[in-house]
Amino acid sequence: MTSAPRTAAPRPAAAPPAGGPRRRGPRRERQGPAFVFLTPWMLGVGLLTLVPMAVSLYLSFTDYNLFDAPKWVGPRNYTEMFTQDPRYWRSVGTTLLFVVVAVPLKLALALGVALLLKGMRRAKGFYRSAFYAPSLLGASMSIALVWRALYNDGGTVDSVLSSVGIHTGGWVGDPDLAVFVVALLTVWQFGAPMVIFLAGLQQIPADLYEAAALDGAGRWRQFASVTVPMLSPVLFFNLVLETIQSFQVFTPAFAISGGKGGPADSTNFYTLYLYERGFTDSHMGYASAMAWVLLVAIGAVTVVLFRTSRSWVFYANEGA
């Protein structure tokens, strides 16, 4: 007699968790205050940044004079900019020259002063404040006007040089030197990167310098083999920040040239020409196109800097 195979009894359906479906209430309650505090920021980003950017992108494809309704013209503004406007390309060249001259000088001066301040034992706070002060004052229109008076024909610098037999006729009025006056004004405001460099220098372990000294390394060798590699992330940060800011230089060029970019367009920087086309010539569509090209160019330069940083920026946790 064979017995019928026993079939496994069906398992009872899993009982729902006590209390019904999984509760999400407490988590939402925890996130609620965060969304409340973030709401002003999100509204600000949306209304003051994203919406104006979208409107600017639309206007870049229109003919808009600030008074009449925008007229859709397609890519005509971009075509005119790249193929029919020599002043546009002159402003691009002036801006690139300024970036190439001002950024390295400013970073070198900031690093040099930071190294001096790091080695000081007395009055470090006073000198740190004194060197940082131009960064607070230099962006103002009044300082730019003072700078123009100093380097103008018959100004203080011209008078001092004339007293020793060197008559320059004023750097501001010389088309070959005017852009360097703007660069000097920008380099003079090296306080912000100096503070960042100083903070980075204080994070370098002292035993690295002691080990280098025991190996017979001098000051220059210690700087090249210890300071620069350990400070490379800070140097990279300052390089990106100053490059982006230099592409947008406006106030000193506006003040020194009287808002005209002269003499002979030698200080007609990109942003100054953008302002002229938008608000002086009432060609807001063209100015919007210039703004978007500047945004893309800055983004491309930033990407290039990040790509090159892989070969010269050292992070302490890379070997971990």
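The values are calculated or read from the model by the stated rules, or taken from the named source; none is laboratory data. The structure displayed is predicted, hence computed values, not measured ones. Cβ coordinates were reconstructed from backbone atoms using ideal geometry, including for glycine residues, and neighbour counts include every protein chain displayed. Just so you know, the surface numbers come from the protein's heavy atoms only, side chains and all, with ligands and any DNA or RNA stripped out. Shrake-Rupley method; radii C 1.70, N 1.55, O 1.52, S 1.80 Å.
When the helices (runs of 4 or more DSSP H) confined to the stretch 209-304 are screened for residues that are more than 23 Å from the chain's Cα centre (by Cα), those reaching at least 1 such residues are found at 219-222.
Scanning the stretch 120-138 for residues that are open to solvent by less than 60 Å² (accessible area, probe 1.4 Å) and aromatic (F, W, Y) yields nothing. Within the bounds of the stretch 308-318, is there any residue that is assigned to a helix (DSSP H, G or I) and within 30 Å of G74 (Cβ to Cβ)? The answer is no, given that none of the residues of the stretch 308-318 is assigned to a helix (DSSP H, G or I) and within 30 Å of G74 (Cβ to Cβ). Filter the stretch 62-71 down to residues that are part of a strand (DSSP E or B), touching a residue at least 60 places away in the same chain (Cβ under 8 Å) and of a type outside the set (S, T, N, Q), then give me how many there are. So the count comes out to 1. Checking every residue in the stretch 283-302 against the condition of being farther than 24 Å from L50 by Cβ, in contact (Cβ under 8 Å) with a residue 12 or more places away in the chain and surrounded by 12 or more Cβ atoms within 10 Å (Cβ to Cβ) gives at least one match. Scanning the stretch 181-201 for residues that are out of contact with any helix residue (DSSP H, G or I) (no Cβ under 7 Å at 6 or more places or on another chain) and under 16 Å from L231 (Cα atoms) yields a single hit, A199. Do we have Q222 as open to solvent by 60 Å² or more (accessible area, probe 1.4 Å) and either under 30 Å from G119 (Cβ atoms) or in contact (Cβ under 8 Å) with a residue 60 or more places away in the chain (or both) here? Against the criterion (open to solvent by 60 Å² or more (accessible area, probe 1.4 Å) and either under 30 Å from G119 (Cβ atoms) or in contact (Cβ under 8 Å) with a residue 60 or more places away in the chain (or both)), Q222 does not qualify. Flag set for G165, criterion: of a type outside the set (A, V, I, L, M), surrounded by fewer than 16 Cβ atoms within 10 Å (Cβ to Cβ) and more than 23 Å from A110 (Cα to Cα).
The requirement of being farther than 21 Å from G262 by Cβ, at pLDDT 85 or above and surrounded by 17 or more Cβ atoms within 10 Å (Cβ to Cβ) is satisfied by F190.
Within the option set G20, G74, G32, being open to solvent by less than 80 Å² (accessible area, probe 1.4 Å), part of a loop (DSSP other than H, G, I, E, B) and modelled with pLDDT under 90 holds for one residue only, G20. The listed residues are V160, V195, and the only one of them that is over 25 Å from the mean Cα position of the chain (by Cα) and either at pLDDT 80 or above or on the phi > 0 side of the Ramachandran plot (or both) turns out to be V160.
Scanning the stretch 231-243 finds one or more residues that are more than 19 Å from A102 (Cα to Cα) and touching a Gly at 6+ places or on another chain (Cβ under 9 Å). Yes or no: E80 acidic (D, E) and surrounded by 12 or more Cβ atoms within 10 Å (Cβ to Cβ)? Taking the combined requirement at face value, the residue satisfies it.
Filter the stretch 107-129 down to residues that are in a helix (DSSP H, G or I) and of a type in the set (D, E, K, R) and give me whichever is nearest to I256 (Cα to Cα).
Within the stretch 107-129, the match that is nearest to I256 (Cα to Cα) is R128.
In a residue-by-residue description of the stretch 130-141, the property of being in a helix (DSSP H, G or I) and within 17 Å of A102 (Cβ to Cβ) applies to at least one position.
Scanning the stretch 83-110 for residues that are under 19 Å from H283 (Cα atoms) and open to solvent by 40 Å² or more (accessible area, probe 1.4 Å) returns T83, Q84, P86, R87, W89, R90.
Considering only the stretch 158-181, how many residues are in a helix (DSSP H, G or I), more than 21 Å from A264 (Cβ to Cβ) and of a type outside the set (G, A, S)? Of the residues in the stretch 158-181, 2 are in a helix (DSSP H, G or I), more than 21 Å from A264 (Cβ to Cβ) and of a type outside the set (G, A, S). Only residues that are open to solvent by 70 Å² or more (accessible area, probe 1.4 Å) and either over 31 Å from the mean Cα position of the chain (by Cα) or over 20 Å from I256 (Cα atoms) (or both) were counted across the stretch 139-157, and they come to 2.
Do we have any residue at all in the stretch 78-96 that's in a helix (DSSP H, G or I), hydroxyl-bearing (S, T, Y), more than 29 Å from A264 (Cβ to Cβ) and out of contact with any Asp or Glu (no Cβ under 9 Å at 6 or more places or on another chain)?
No, the stretch 78-96 has no match at all.
Count of the stretch 257-281 residues, restricted to those that are open to solvent by less than 30 Å² (accessible area, probe 1.4 Å) and at positive phi, is 3.
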